[in-house]
Amino acid sequence: MKIIDISQPLFGSKVYPGDTAPSFKRVKNVATDKYNLTDISLCVHNGTHIDAPLHFIENGNGVGEISLDVFYGKCVVKKWDGEIPTDCERLLIKGDYVVTESDAELIAKSSVRLVGVESQSIGNPEKPMPVHLILLNAGIILLEGLVLDRVECGKYTLSAFPLNLGNCDGSPVRAVLVECE
């Protein structure tokens, strides 16, 4: 079994313009306190993360209200060609392709429950809201900030669980692919 980490390291990760960059501060250390303790500060949309419907939809589900089964299971990694595999519930789009509104409409009509991209925000970086609204209103969870450059297109098992942040609009994840045998 081969496990492939497709997450960005959180500290030093790409940050969407205007978001708070992740940082940490060592507040205790072994030399003086006999143990290490670290505080962190970050935007829930830093690094590899999910967008919950609440990110763009008033009264949408927060992270803690999303069924966990959407974050684990069979997935397809592919370069976008406008075709969605018919047996695909989790679609990871490889490369720097910008998902358009018409792409989002096509995905929204499919069996896809989670769509992932390598960029920090799905859709046009100048106007990301329309694509977010189409997908999130269709109940599709977004997984953004993936690292797929060393991943071959194909079928895998995805594990990308968010932290249990309750009613937050997003969450960092540790996303991994397991090669199917």
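Filtering segment 122-181 to residues that are surrounded by 15 or more Cβ atoms within 10 Å (Cβ to Cβ) and charged (D, E, K, R) leaves Glu144, Lys155, Asp169, Arg174.
Applying a threshold of 8 Å to beta carbon distances and a minimum spacing of six or more residues, or different chains, the list of pairs starting in segment 156-181 at a residue that is under 12 Å from Ser7 (Cβ atoms) and ending at one that is acidic (Asp, Glu) reads Arg174/Asp5; Ala175/Asp5; Val176/Asp5. Applying the criterion of at least 2 residues that are under 10 Å from the mean Cα position of the chain (by Cα) and at pLDDT 95 or above to the strands (runs of 3 or more DSSP E) found wholly in segment 90-181 leaves 114-117, 141-144, 170-172.
Please tell me if Arg150 is touching a helix residue (DSSP H, G or I) at 6+ places or on another chain (Cβ under 9 Å) and basic (Lys, Arg).
Numbers: touching a helix residue (DSSP H, G or I) at 6+ places or on another chain (Cβ under 9 Å): no; basic (Lys, Arg): yes.
Spelling it out, it is not the case that Arg150 is touching a helix residue (DSSP H, G or I) at 6+ places or on another chain (Cβ under 9 Å) and basic (Lys, Arg).
One residue alone among Val131, Val115 is within 22 Å of Val15 (Cβ to Cβ) and out of contact with any Gly (no Cβ under 9 Å at 6 or more places or on another chain), and that residue is Val115. When each of Leu37, Leu42 is tested for being surrounded by fewer than 14 Cβ atoms within 10 Å (Cβ to Cβ) and either in contact with a strand residue (DSSP E or B) (Cβ under 9 Å, 6 or more places away or on another chain) or at positive phi (or both), the lone residue that passes is Leu37.
Looking only at residues of segment 40-96 that are hydroxyl-bearing (Ser, Thr, Tyr) and in contact (Cβ under 8 Å) with a residue 12 or more places away in the chain, we find that the one that is farthest from Gly116 (Cα to Cα) is Ser41.
If you check Val15 against the conditions, is it surrounded by 14 or more Cβ atoms within 10 Å (Cβ to Cβ) and at pLDDT 95 or above? In short, no.
Scanning segment 75-94 for residues being exposed (fewer than 14 other Cβ atoms within 10 Å of the Cβ) and either among the basic types (Lys, Arg) or in contact with a strand residue (DSSP E or B) (Cβ under 6 Å, 6 or more places away or on another chain) (or both) gives a total of 1. Against the condition on the phi < 0 side of the Ramachandran plot, part of a strand (DSSP E or B) and in contact (Cβ under 8 Å) with a residue 40 or more places away in the chain, how does Lys14 come out, does it pass? When the stated conditions are applied, Lys14 does not pass them. Taking the criterion of being surrounded by 10 or more Cβ atoms within 10 Å (Cβ to Cβ) and in contact with a strand residue (DSSP E or B) (Cβ under 8 Å, 6 or more places away or on another chain), the residues of segment 1-12 that qualify are Ile3, Ile4, Asp5, Ile6, Ser7, Leu10, Phe11. Ile140 meets the stated requirement of being of a type outside the set (Phe, Trp, Tyr), under 16 Å from Val70 (Cβ atoms) and touching a residue at least 24 places away in the same chain (Cβ under 8 Å). Of all the residues in segment 55-89, those that are within 17 Å of the chain's Cα centre (by Cα) and small (Gly, Ala, Ser) number 4.
The values are calculated or read from the model by the stated rules, or taken from the named source; none is laboratory data. None of these values were measured; they are calculated from a predicted model. Note that each Cβ is placed from the backbone with ideal geometry, even for glycine, and that neighbours are counted across all protein chains shown.
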